[in-house]
Amino acid sequence: MQQGVGEYMAGKIIGSLLILTACFCMGYRLSMRSVLRLEELESIKSAVIKLDSALEFDRLTFIQALRRSADVESEGFFRSVYTALKNNNSINTAWKYAFEENAPDSFMTDEDIRRLSLLSEGFSSADSSMREQCVRECIGYINSQAEIIKPKLERDIKLYRSVSLTIGLFIVLLLI
């Protein structure tokens with residue numbers, strides 16, 4: 001009889017630890033979402049600046065500038081643009097297709113995707129002032145989002161982690 005009670009308690013303890021671990025991992029995952037969004041926006045900003053510089057100063061074609069300035073080897077947004085351009089699509093089509101294709105895997109919000117997809121108009125335009133204006137607007141938007149995200153980041157991380165751990169402890173107390 002005593003042996004069955006010991007196994008029962010060991011099962012409860014192991015189950016409790018698994019619940020706490022799962023709740024903590026969910027809180028960690030939620031807290032990292034803002035960090036990953038910020039990193040994604042910053043990488044797009046960096047690539048757009050390099051792309052604009054390659055177009056402006058080196059006088060390269062868009063596909064050459066994209067290959068030089070963006071990481072087209074890794075999977076993601078710029079790889080999709082590059083592939084679509086190699087398949088003889090227009091810049092507008094390639095850019096919008098890349099955002100639509102990569103939106104489910106992205107940490108960006110719908111507003112981020114909508115605003116950044118407007119860059120296609122600037123890059124497809126032959127007018128350099130239009131391109132510069134679109135790039136400035138894109139960079140301004142990314143900078144404004146970074147200013148919004150950064151102050152809330154630490155607070156959100158602590159909040160998600162502590163709330164998830166509290167919920168996990170509550171579940172464990174209900175089960176025991």
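Counting Lys and Arg as +1 and Asp and Glu as -1, what is the net charge of the other residues whose Cβ lies under 12 Å from the Cβ of residue 132? Please report the intermediate quantities before stating the final value.
Details: positive: 131, 136; negative: 52, 56, 127, 137.
Residues close to residue 132 contribute a combined charge of -2.
From Cα coordinates alone, what are the radius of gyration and Dmax values for the stretch 11-175 in angstrom?
Final numbers for Rg and Dmax: 20.7, 69 Å.
How would you rank 30-36, 76-82, 95-101, 7-13, highest first, on the average number of other Cβ atoms within 10 Å across their residues?
Values: 30-36: 15.3, 76-82: 22.1, 95-101: 18.9, 7-13: 10.7.
Ranking the peptides 30-36, 76-82, 95-101, 7-13 by packing returns 76-82, 95-101, 30-36, 7-13.
Angle check, please: helix 77-86 long axis (alpha carbons) against the longest principal axis of the chain (alpha carbons), in degrees 0 to 90, nearest 10.
It works out to around 40 degrees.
Rounded to a whole number, what is D in µm²/s for the stretch 30-94 from Stokes-Einstein with the Kirkwood radius over alpha-carbon pairs (4 °C, 1.567 mPa s)? Write out the running numbers ahead of the final one.
Numbers: Rh = 12.6 Å.
The estimated diffusion coefficient comes to 103 µm²/s.
Which one of 140, 15, 122 has the biggest mean-square fluctuation once the chain is modelled by GNM with Cα springs under 10 Å?
Answer for the Gaussian network model of the chain: 15.
Coordinate-derived values only; no laboratory data. The model shown is predicted, which means the values in this text are computed figures rather than measured ones. For neighbour counting, all protein chains shown are included, and Cβ atoms are generated from backbone atoms with ideal geometry for every residue, glycine included.
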